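Here the structure comes first, spelled out in structure tokens, and everything after it is commentary.
The values are calculated or read from the model by the stated rules, or taken from the named source; none is laboratory data. Since the structure is predicted, the reported quantities are computational estimates derived from the model, not experimental observations. All Cβ positions, even for glycine, are placed from backbone atoms using ideal geometry, and neighbour counts span all protein chains on display. Keep in mind that these areas ignore ligands, DNA and RNA; they rest on the heavy atoms of the full protein, side chains included. Shrake-Rupley method; radii C 1.70, N 1.55, O 1.52, S 1.80 Å.
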Amino acid sequence: MTTFDGPGGKELLDALILTAYLLAAGFAMILLAAYHIHLKRRLAEAKLRLADAAFDSSAHGMMIVNAAGKIMRVNAAFSSMTRYPAHDAIGAEARFFASPRHDPTFFERLFRTIETHGHWEGELWAVRRTGEEDLYHMTVSAVRDRDGHAANYTLSFIDITERRVAEQRIRHLAHHDMVTDLPNRALLAERTESAIEHARRDGRPLALMLADLDRFKDVNDSLGHAVGDELLRRSARRLLATLRGADVIGRQGGDEFVVLLPDLADTEDAAHVATKLIEAMRRPFELGTRELLVSCSIGIALYPQNGEDFATLMRNADTAMYAAKAAGRNCCRFHSADMNRRANERLELEGDLRRALHSSGLSIMLQPQVLLASGALSGMEALARWTHPERGAVSPVQFIPVAEDCGLIVPLGEWVLREACRVRAGWLAAGLGEAPMAVNVSAVQFRDPEFINMVKRALADFALPPALLELEVTESVIMAGFEQVKGTFDELGRMGLRLSIDDFGTGYSSLSYLKRLPVDKLKIDRSFVIELPEDAESRAIAEAVVGLARGLDMQVIAEGVETRAQADFLRDSGCQGAQGYLFAKPLSAADFAARYVAAPDSPLQRTA
Ligand code: C2E
Ligand code: MG
Ligand code: MG
């Protein structure tokens, strides 16, 4: 029996113990290694699960493609974006859902980039299973094996169609007018400059035209912006339909359209196009149950005669357009050097008028109004006069529009009204009892929020009874925002003033509006009186206005009566009053007083 006591027994024991230790250590190492491997696998599994979860739940569409270009896997987002379920996509060519609008070279370039850089990023048009096209932002990355060969590709997609649409919309908005969708001034400027470049090279003329809708503001104010906008859209369509393919039309805000005619055979061509546009705009517009009549005035500037850049051409087209308006609207005018001179003159006139207002350059004349039956004085109209230091007498037909344009009409109108009140109040003391003083009020004044207060002040300052002040407004005033106008009319009516409609028949006021306003008097416009009694149409109009006034319980007076025959016809038609050269021209206050205002010892209200 072996013992450990004998010789060599101790070494044997040591060896055995060592072996046991070694075995134990080795075993522990194996256990450790096994545990390590286990941990690693668990980690790798967790990582894979994580990757899977990320792949599946990503909001981006994702796809894994093998080296042969076949789809191995797609995620749920891809399926919902493209409407292709995973089983339809897997195994298919990676580009199966790409839009045919990408030509083959697109993919060639894409592959080449991935080969060299391992990565591609860009935009891809895709077709859904249901046929719609979407725009994706696509990222492709190569996944390489240990040898550096691309083993797989991962593709990710974001749908950017909406973003692109929004971007395009923003870009479109920056260059187009919201109401008509026509190019705006900025885009027009760009197009014009490039057209000028071409014209310069070809040595050909070019025209820039400014078309302004006449009296658009009245429509907008009275019928509302929705109708105004619709009218603009319809006008835009009509103008567009009249132009040729190469012509450009834009809107530069308000009621102004700009037309670029980039290739003209000659300048007469421009006049021809302008005439066609004017003709097109003359046809009535049917908006709902309404028929609207608008016209347009066109100013034409030519390259190179009237300017060699957009800004200059526009400025000159504007001057020409102004001239077209001044010539009675509904026509076109070419720009001329002469026009610039007149535009400057207008500016000068403005300055002079401003000075006249402060330096008693203005006065009023008074024209009597009489009863046709008896010839007795029934009223008078104050008419503004301006004596220019160099030009002499300037007609109100000239300076009132200038004053309206530059806002001077408000102080000027106030001056006239106060002067008229002063004069009329003076005659009150002299015994002129009944006849009211009529004062013309422009639409601009009428819109002024201070207007009513101004009238109250004038009446109070001169102690004039309100019934002796009559305000004359034209139909354009009624057209300017009915509800507000009605408020002002009602208030003036309550104050006891008289209200009359001047130049009646020349505007297009709605009769139902007229009925709802406290109007006392209609004044038949001179243009209908002038051809009486010969012209049948004028006769019909005069008689119709008289009938209308009677029906609405208003007075009626004819303007511009120059002949006895006119007066007789009007009287026989039932027209009560008249004003005109037949009875008297506008007179200075002194002359008027001498003829019509009673001296203390003479009978009142002598007949003309
Ligand atoms: P309106 O208010 O219609 O005034 C009548 C115009 O016809 C006056 O011209 C008058 O002189 C003229 N007239 C009167 N009878 C006859 C006639 O028998 N034959 C002819 N051919 N003409 C006649 P006027 O004074 O030149 O004024 C022209 C226009 O200027 C006025 O037309 C009015 O619209 C405007 N106006 C005049 N004064 C003022 C004012 O103080 N304020 C405003 N806003 N407008 C004014
Ligand atoms: Mg008048
Ligand atoms: Mg008149």
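Below are the figures for this structure:
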{"quantity": "From the C-alpha gyration tensor of the chain, square roots of 5λ in Å", "calculated": "91, 31, 23"}
{"quantity": "Size of region 346-403 as Cα extents on the principal axes (Å, biggest first)", "calculated": "47, 20, 16"}
{"quantity": "For region 26-31, 3J(HN,Hα) per residue [Karplus equation, 6.51 cos²θ - 1.76 cosθ + 1.60, θ = phi - 60°, Hz, x = Gly/Pro]", "calculated": "x, 4, 4, 4, 4, 4"}
{"quantity": "Distance histogram in 10 Å bins (all Cα pairs of region 168-280, percent per bin)", "calculated": "14, 43, 32, 11, 1"}
{"quantity": "Computed helical MRE - 222 nm, the chain, DSSP H runs ≥ 4 contributing -39500 (n - 2.57), nearest 500", "calculated": "-16000 deg cm²/dmol"}
{"quantity": "At most 13 other Cβ within 10 Å, DSSP loop - GluC sites (Glu not before Pro), region 91-155", "calculated": "Glu132"}
{"quantity": "Rounded Å value of the spacing that divides the Cα centres of region 475-531 and region 558-596", "calculated": "21"}
{"quantity": "DSSP-loop trypsin sites (Lys or Arg not before Pro) across region 105-187, with at most 15 other Cβ within 10 angstrom", "calculated": "Arg128, Arg129, Arg146"}
{"quantity": "Charged-residue dipole, Cβ positions (Lys, Arg, Asp, Glu), region 349-605 about Cα centre, Debye nearest 20", "calculated": "580"}
{"quantity": "Computed magnitude of the charge dipole of region 57-165 (debye, nearest 20; Cβ of K, R +1, Cβ of D, E -1)", "calculated": "140"}
{"quantity": "Average Cα contact separation per residue, region 1-136, under 8 Å, 6 or more apart, as relative contact order %", "calculated": "13"}
{"quantity": "Accessible surface of the chain, 1.4 Å probe, proportion on carbon and sulfur as whole %", "calculated": "55"}
{"quantity": "Taking all pairs of distinct alpha-carbon atoms in region 57-165, Kirkwood radius in angstrom", "calculated": "14.1"}
{"quantity": "Listed peptides 296-303, 248-255 by packing density, highest first (mean Cβ within 10 Å)", "calculated": "296-303, 248-255"}
{"quantity": "Chain lengthening between Arg200 and Ala429 when straightened (0.36 nm per residue, less Cα-Cα)", "calculated": "75.0 nm"}
{"quantity": "Separation between Cα centres of region 455-474 and region 300-354, rounded to whole Å", "calculated": "39"}
{"quantity": "Listed residues Gly69, Phe111, Val165: farthest to the positive end of the dipole of region 57-165 (Cβ charges)", "calculated": "Gly69"}
{"quantity": "Inter-site label distance for Ile114 and Thr130 at 7 Å from Cα along Cβ, in nm", "calculated": "2.9"}
{"quantity": "Efficiency of FRET between Asp535 and Glu279 - r from beta-carbon atoms, R0 30 angstrom, step 0.05", "calculated": "0.65"}
{"quantity": "Integer Hz, Karplus 6.51/-1.76/1.60 couplings in order for region 302-319, x for Gly and Pro", "calculated": "10, 8, x, 4, 9, x, 10, 9, 4, 4, 5, 4, 5, 4, 6, 5, 5, 4"}
{"quantity": "Region 181-311, accessible area per residue, ligands and nucleic acids excluded (1.4 Å, Å²)", "calculated": "44"}
{"quantity": "Order by protection proxy (mean Cβ within 10 Å, highest first), peptides 283-293, 491-501", "calculated": "491-501, 283-293"}
{"quantity": "Shape of region 349-605, Cα gyration tensor, a/c cut at 1.5", "calculated": "rounded"}
{"quantity": "Peptides ranked, highest mean first, by Cβ atoms within 10 Å: ranges 32-38, 78-84", "calculated": "78-84, 32-38"}
{"quantity": "Computed over region 384-431, Kirkwood Rh from alpha-carbon pairs, angstrom", "calculated": "12.1"}
{"quantity": "Rough spin-label spacing in nm, given labels placed 7 Å along Cα→Cβ, for Ala327 and Glu308", "calculated": "2.8"}
{"quantity": "Segment Ile37-Ser80, length gained on full extension (0.36 nm per residue, minus Cα span)", "calculated": "11.5 nm"}
{"quantity": "For region 137-200 and region 4-78, distance of Cα centres in Å", "calculated": "51"}
{"quantity": "The chain: relative contact order in percent, alpha carbon pairs under 8 Å with at least 6 residues between", "calculated": "8"}
{"quantity": "Computed over region 176-335: relative contact order in percent, which uses C-alpha pairs under 8 Å that are six or more apart", "calculated": "29"}
{"quantity": "Lys, Arg +1 and Asp, Glu -1 on Cβ, resulting dipole of the chain about Cα centre, debye, nearest 20", "calculated": "920"}
{"quantity": "Too-long pairs where the Cα-Cα distance tops 18 Å, listed order kept, from Lys325/Lys523; Lys325/Lys585; Lys486/Lys515", "calculated": "Lys325/Lys523; Lys325/Lys585"}
{"quantity": "Among beta bridges that DSSP assigns inside the chain, antiparallel share in %, nearest 5", "calculated": "75"}
